[in-house]
Structures are given as structure tokens and as C-alpha cells.
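One structure is given here, and the rest of the page talks about it.
The values are calculated or read from the model by the stated rules, or taken from the named source; none is laboratory data. Everything numeric here is computed off the predicted structure, so don't read it as measured data. Every residue, glycine among them, receives a Cβ derived from its backbone with ideal geometry; neighbour counts consider all protein chains shown. Side chains are part of the model used for accessible areas, which takes the heavy atoms of the whole protein and leaves out ligands, DNA and RNA. Shrake-Rupley method; radii C 1.70, N 1.55, O 1.52, S 1.80 Å.
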Amino acid sequence: MIIPGSAEMKSQLEAAFDLEPSLALAKETRHLHERCDRVIPDADWARHAPYIVAINKLKKEKDAVILAHNYMTPDIFHGVADIVGDSLQLAIEATKVKESTIIQGGVHFMAETSKILSPEKTVLIPDSRAGCSLAESITAADIAKMREANPGAPVVSYVNTTAEVKAASDICCTSSNAVQIIDSMDSDIVIMTPDGHLAQNVAKQTKKKIVYWEGACEVHIEFKADELREYRKYEPDAVIIAHPECPTDVVDEADFSGSTSGMINFVRENQPEKVLLITECSMGSNIADEVPEVNFLGPCNLCPHMQRITLEKILWSLHTGTEEVTVDPDLAEKARLAVQRMIDVKI
Ligand code: 13P
Ligand code: SF4
């Protein structure tokens with residue numbers, strides 16, 4: 001198999017498509033560039049444009065749709081994505097799209113979730129090595145041990161988990177509905193996996209007792225409350241917005257915490273003059289042009305898994321129909337129950 005991103009992949013793509021930087025194609029795709037002018041210089045757009053044109057043409061020919069997470073880079077987010085959103089929105093959209101093929105602009109657990117919800121569709125991920133430290137932190141056997149230690153307590157698992165872990169759980173949640181999902185459980189004690197930080201942040205907003213797994217997002221765990229206090233000293237009027245995968249003392253320092261789409265909507269609606277988006281770096285880049293009056297101050301961290309998805313790998317994926325995501329049908333059926341129960345909770 002040709003490895004996505006390898007020299008072999010690049011040379012095969014160059015043989016099949018004209019991928020030379022092109023000012024003419026940059027002009028042709030000006031309407032897309034306008035959405036991210038502030039963060040992608042003209043010269044870079046001329047480099048992206050041949051990929052964007054080829055991908056958008058192939059998508060139609062192959063009856064494919066691109067679902068892209070809010071952490072995708074702006075060239076993907078604004079150039080080729082058909083649907084963008086947070087984990088919950090992408091899971092819901094996966095059940096609605098008409099196209100026969102879904103290309104997942106995101107990490108492996110997201111592509112698996114799409115496959116679980118749309119087993120009849122072909123789901124492709126441009127690089128299956130795009131993992132997640134949370135999904136890798138727990139197995140179905142770990143869930144069984146937690147159930148044994150907490151008899152009768154339901155298991156709520158974050159969507160950032162493998163199909164096997166979802167299948168072993170009672171219901172899923174995302175960062176945008178975690179409090180409501182926990183509150184909807186018919187039990188005073190709830191097991192929450194795998195994100196210990198999300199669980200502790202949720203615990204502050206519910207009366208339920210939460211027993212949690214100690215998993216962590218390798219990106220959000222890097223943010224420190226001290227660092228934010230330091231920023232406040234120099235930028236007292238800056239608004240701090242943190243993702244709930246951050247440690248609790250970081251979220252406590254923030255003015256708002258929410259899912260990736262929750263964070264975007266907060267910026268859209270409030271248009272603060274200065275903002276710190278305490279999350280993955282692409283978030284600020286993706287909305288910078290929509291809110292020209294807003295200044296995005298540091299810090300931000302890159303997710304190495306999300307960064308594996310690039311325009312050239314998306315083109316390769318569409319061109320070759322790789323890498324197909326499969327889930328054992330019995331496992332998928334059990335996992336689907338947990339995801340569907342989450343979607344069905346009225347919020
Ligand atoms: P959201 O559900 O907020 O999009 O988060 C997904 C994720 O992986 C954040 O790190
Ligand atoms: Fe996983 Fe964190 Fe990357 Fe999201 S940002 S995909 S939780 S490692």
C-alpha cells in the first residue's frame with residue numbers, strides 16, 4: 001500500500017493531475033480565498049488552488065462529500081469542505097448526507113463514527129494514522145473493570161473513543177452536550193470516560209457523582225492556568241475562551257467554555273476586540289476573516305493528528321478510494337446504539 005504523504009503518493013498525484021502553483025486557478029477560486037484572506041497569503045493560495053480545483057471536481061464525479069472538523073486547516077475548511085462542525089454536528093450530518101462516499105476531514109474516531117451511523121456508505125479517511133490520545137487511552141476491558149468497581153452505574157463515553165469502547169458504553173456524549181447527557185442518566189452515579197478533564201469540568205455543573213477515567217487530550221493538557229493569568233495581566237480586556245478538555249483550573253480562568261462550535265459561535269456573536277482561543281490553532285484561523293475586528297492573541301496548540309489531514313492526502317483519497325474505514329457489523333450495531341441514544345437526547 002502506498003503511504004499517504006509519501007514520495008510515491010506525490011509522484012503518482014503529479015502524474016495524474018496538474019498541481020503546479022497557478023495564479024489563474026487562484027483567481028478562479030478567489031471566492032473561496034476571500035473567506036481566509038487574512039491567514040493565507042496569495043502565494044500560498046496559488047499553491048493550494050490546483051488541489052482545491054481538482055478535489056472539488058473529483059468530489060462531484062465520485063459522488064463524495066467532505067465532512068470537516070473545526071480543527072481542519074483553513075485551506076481545507078474553506079476550500080473543499082462541504083460540511084464543517086464540531087464532533088456532534090459531524091455525527092448528526094453523517095446520518096443525513098445523500099452522497100455515497102464520505103471523506104472525513106478529521107481523526108480516525110470521527111470517521112469510525114460516520115461509518116457506524118452510515119454503514120451503507122463508503123467512508124474514507126485521508127490518513128488513518130490520524131489518531132487521538134483520548135481514543136487510545138481506554139479499551140473495552142477497561143470499561144468492564146469500571147463497571148465491576150461501580151455496579152449499576154451507567155457508562156457515558158465521549159465520542160473520542162474507538163467503536164469497541166462505544167459498543168461497551170451505554171451512551172456517548174460530546175463536549176457540547178456532556179452536561180445534559182450526564183443529567184439525563186437515571187442514576188446518581190455515572191461513569192464517564194475517557195477524558196478525566198472533561199469529566200471534572202462537567203462534575204462542576206451537575207449534581208451527579210461522576211467516576212471518571214484518567215485519559216487526557218495531549219493538546220489541551222498543555223495549557224496552564226498560570227500562563228492565562230499572565231496574559232490577563234498584560235491584556236486585561238482580552239476574553240478567554242477554553243475548550244472543556246482543558247484542565248479545570250484552565251477552564252476556571254476562562255470567560256467561556258464550550259465545544260469547538262460553541263467557541264466559534266461565542267466569537268461570532270460577541271466579537272470581542274481581543275480573544276484567546278485556548279484550543280487547537282486552526283480555530284482562530286478559520287474564523288479570522290469572518291470577524292475582522294477581532295484580534296486573536298496566543299497561545300494555541302496544534303493537534304498532530306488533525307494536522308495529518310492535508311489537501312494532497314484528500315486528493316489522493318478521492319483519486320484512489322483509500323483509506324476505507326471498516327467496522328465489524330456486530331460491533332458497529334452496538335456502538336450505533338450508544339451514539340444514537342446521544343443524538344436522541346433532547347437538549
Ligand atoms: P468538539 O466536539 O468540541 O469539536 O471536540 C472534538 C475534539 O477532538 C476536540 O479536541
Ligand atoms: Fe484528540 Fe485532542 Fe487531537 Fe481532539 S485535539 S483529536 S481530543 S488529541
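How large is the convex hull of the Cα atoms of the stretch 222-347 per residue, expressed in Å³ as a whole number?
Dividing the Cα hull volume of the stretch 222-347 by its residue count gives 159 Å³.
Return the equivalent ellipsoid semi-axes of the chain as a descending list in whole Å, where each equals the square root of 5 times an eigenvalue of the C-alpha gyration tensor.
Numbers: eigenvalues 223, 146, 48 Å².
Equivalent ellipsoid semi-axes, largest first: 33, 27, 16 Å.
What does the extension gain come out to for Lys57 and Asn295, with contour length at 0.36 nm per residue minus their alpha carbon separation? Please list the in-between numbers first.
Numbers: separation 238, 0.36 × 238 = 85.68 nm, distance 3.51 nm.
Additional length available on full extension: 82.2 nm.
Between Gln205 and Glu34, take the C-beta separation as r, use R0 = 56 Å, and let me know the FRET efficiency to the nearest 0.05.
Using R0 = 56 Å, I get an efficiency of 0.90.
For each cysteine in the chain, check whether another cysteine's C-beta sits under 4.7 Å from its C-beta; list those where none does.
Cysteines of the chain left without a disulfide-compatible partner: Cys36, Cys132, Cys172, Cys173, Cys217, Cys246, Cys303.
Distance from the Cα centre of the stretch 235-262 to that of the stretch 122-196, in angstrom?
23 Å
What's the extension gain from Arg229 to Ser100 if we count 0.36 nm per residue and subtract their Cα-Cα distance? Please report the intermediate quantities before stating the final value.
Values: separation 129, 0.36 × 129 = 46.44 nm, distance 4.89 nm.
That works out to 41.5 nm of additional length.
Asn177: net charge of surrounding residues, Cβ under 12 Å, Lys/Arg +1, Asp/Glu -1, itself excluded?
On the way: positive: Arg341, Lys346; negative: Asp86, Asp183, Asp344.
The answer is -1.
Work out, step by step, the length gained on full extension between Asp344 and Leu302: first 0.36 nm times the residue separation, then minus their alpha carbon distance; give nm to one decimal. Walk me through the intermediate numbers first.
Details: separation 42, 0.36 × 42 = 15.12 nm, distance 3.24 nm.
That works out to 11.9 nm of additional length.
If I take R0 = 35 Å and measure r between the Cβ atoms of Glu333 and Asp188 in this structure, what FRET efficiency does the formula 1/(1 + (r/R0)^6) give, to the nearest 0.05? Could the numbers behind the result be given before it?
On the way: r = 30 Å, r/R0 = 0.85.
Computed FRET efficiency for Glu333 and Asp188 comes out at 0.70.
With a cut-off of at most 13 other beta carbons within 10 Å, and DSSP calling the residue loop, which GluC sites (Glu not before Pro) in the stretch 1-62 qualify? Please list them.
Details: sites: Glu8, Glu14, Glu28, Glu34, Glu61; in loops: Glu34.
When the GluC sites (Glu not before Pro) of the stretch 1-62 are filtered for loop state and at most 13 Cβ neighbours within 10 Å, Glu34 remain.
Can you tell me the accessible area per residue over the stretch 153-285, all protein chains present, probe 1.4 angstrom, in square angstrom? Before the final figure, lay out each step's value.
Values: 5080 Å² over 133 residues.
Accessible area per residue, the stretch 153-285: 38 Å².
Got a number for carbon plus sulfur as a percent of the chain's accessible area, 1.4 Å probe?
Working: 7590 of 14940 Å².
Of all accessible area on the chain, carbon and sulfur atoms account for 51 percent.
Can you work out the FRET efficiency for the pair Ser22 and Ile92, with r the C-beta to C-beta distance and R0 = 25 Å, to the nearest 0.05? Write out the running numbers ahead of the final one.
Numbers: r = 37 Å, r/R0 = 1.47.
Step by step, r from the Cβ atoms, then E = 0.10.
Can you pull the one-decimal nm distance between simple spin-label points at Gln180 and Lys274, each 7 Å off the Cα toward Cβ?
The answer from the label model is 3.5 nm.
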